[in-house]
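The block underneath contains the structure these notes are about, expressed in structure tokens.
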Amino acid sequence: MISLEGTAQEYRSLKYYQKQTGATILQEGTWLRKDRRKNNKRWKAANLFNLSSKKGVQNYQTVGQICDFYQWFDSERIRQGRHFKSAGIAGVAARQLSKVDNGFICFFIVRNSEVVRFVNEGSKQVFAFAFPLMKDRYFSKEIMPLSEAVLWDQNNGIQEQCHVLEPLYLKLSPKAFHRLEKMAKGKGIFKFGVPKRVRFTGDLFNCEHRFNHGATKLLEEYINKR
């Protein structure tokens, strides 16, 4: 299991940051919530600093923060002329899951604390797996050909679903898995929050089915939304 101990570097305001740290200005790798939401220079600079840091992955603690990092990184890989799309696809998935950051949705819609823990832990585990891969690609002088980039995406996607996430799925209780499946497939109340075009079809317990979902529906969603 990958260690995920660490403290988020996002603060709700500069005044709150100063009160918590005693510092007058934000340190490198730190940002305000509004910076992330506005996708401004401070947020981008913090991401680059954290990407180059040994423990930078630990500075992202919510699904929303992870999602926005994926989107920043995908913009960077496009700017660099790279062909892999795994970060963009992960951003689409994380955007759906980031709703668990909302306490109202967790309490009144999801209504299963085990599922909420699964989403948060799963997002962090996948991010911890993907972060060093993104770091290697970002700082590499080599641009993989398109054919190699496609294989790179596929191999990492299979690793995520069949090795990183598989232990978490195996730990889910039947009740929690059933709730998670309803969410993924947009059944019941979840049909209002999960568009048909990204609803999961197949066996959610099968890691290859989960990989295929990302490689088809989520990839198409990413391409159409880019």
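The values are calculated or read from the model by the stated rules, or taken from the named source; none is laboratory data. Everything quoted here is computed from the prediction, not taken from an experiment. Cβ: placed from backbone, ideal geometry, glycine included. Neighbour counts: every protein chain shown.
Among the residues making up the range 48-90, those that are modelled with pLDDT of 95 or more, outside any helix (DSSP H, G or I) and among the charged types (D, E, K, R) are R82, K85. Taken over the range 33-70, the residue count meeting the criterion of being buried (at least 22 other Cβ atoms within 10 Å of the Cβ) and of a type in the set (A, V, I, L, M) is 4. The conditions of being assigned by TED's automatic domain parsing to the domain that holds I78 and more than 25 Å from N47 (Cα to Cα) are not met by G214. Checked against (1) assigned by TED's automatic domain parsing to the domain that holds K175; (2) assigned to a helix (DSSP H, G or I); (3) of a type outside the set (S, T, N, Q), R36 passes all but condition (1). Taking the criterion of being surrounded by fewer than 22 Cβ atoms within 10 Å (Cβ to Cβ), closer than 24 Å to I143 by Cβ and free of Cβ contacts under 8 Å to residues at least 60 places away in the same chain, the residues of the range 71-110 that qualify are Q71, W72, S75, I78, R79. The lone criterion from (1) touching a Lys or Arg at 6+ places or on another chain (Cβ under 8 Å); (2) of a type in the set (V, I, T); (3) in a helix (DSSP H, G or I) left unmet by V150 is number (1). Assessment of the range 144-162 against the conditions (closer than 20 Å to I66 by Cβ and loosely packed, with under 13 Cβ neighbours inside 10 Å) yields no matching residue. Across the range 167-226, the number of residues qualifying as outside any loop (DSSP other than H, G, I, E, B), of a type outside the set (F, W, Y) and either under 20 Å from the mean Cα position of the chain (by Cα) or under 17 Å from A94 (Cβ atoms) (or both) comes to 26.
The listed residues are R137, R226, and the only one of them that is surrounded by fewer than 16 Cβ atoms within 10 Å (Cβ to Cβ) and of a type in the set (D, E, K, R) turns out to be R226.
Scanning the range 117-166 for residues that are under 13 Å from the mean Cα position of the chain (by Cα) and within 18 Å of R79 (Cβ to Cβ) yields a single hit, M134. Number of residues in the range 117-132 that are closer than 15 Å to Q65 by Cα and of a type in the set (D, E, K, R) equals 2. Select, from Q61, Q20, Q65, the only residue that is of a type outside the set (F, W, Y) and over 20 Å from P132 (Cα atoms). Of the residues listed, the single one that is of a type outside the set (F, W, Y) and over 20 Å from P132 (Cα atoms) is Q20.
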